[in-house]
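**Q** Pasting a structure here, questions to come.
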Amino acid sequence: MREIKFRVWHKADEKMYEVYGFAQNKWFLKGKQFPMPNGSVVIMQYTGLKDKNGKEIYEGDICETVTYSGKPFGTIDVVKFSGGAFKLTDIEDALLPIPLDDSDIQSVEVIGNIYENPELLEWKE
């Protein structure tokens, strides 16, 4: 059984917070003195997996995935929840055929997230 955890991007603060509770349509955030009403945050769920360095992987994380077919080849992907599974989505938004799971983890490294590090995706344009 995997651990159920969330983090949120606080829109007004432009800051990431760990969630420590939810009640009566309000999110309680570590480091905030009051509850956050729905709509004031973007919610991201923990995948239950850690990258090759032991860092927890959440929705919205930007990952570098290195594959080997004779020589290393790296791609930059975003973690999304789609079709009942967490998946790595390439920058062009075409889902990779394999959901993110334990077998992929040795080649995945979290390098940022879409809110704090949008510049990592800028080369798409």
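The values are calculated or read from the model by the stated rules, or taken from the named source; none is laboratory data. Just so you know, these numbers come straight off a predicted model, no measurement behind them. For the accessible areas, the whole protein counts, side chains as well, though only heavy atoms, and no ligand, DNA or RNA atoms are used. Shrake-Rupley method; radii C 1.70, N 1.55, O 1.52, S 1.80 Å.
**Q** Kindly provide the set of residues from segment 1-16 that are within 10 Å of Ile43 (Cα to Cα) and not aliphatic (A, V, I, L, M), ordered by number.
**A** Answer for segment 1-16, where residues must be within 10 Å of Ile43 (Cα to Cα) and not aliphatic (A, V, I, L, M): Phe6, Arg7, Trp9, His10.
**Q** Sort out for me the strands (runs of 3 or more DSSP E) sitting completely within segment 1-65 that have 2 or more residues that are among the hydroxyl-bearing types (Ser, Thr, Tyr) and open to solvent by less than 50 Å² (accessible area, probe 1.4 Å).
**A** Numbers: elements: 6-10, 15-23, 26-29, 41-50, 56-58.
Those strands (runs of 3 or more DSSP E) span 41-50.
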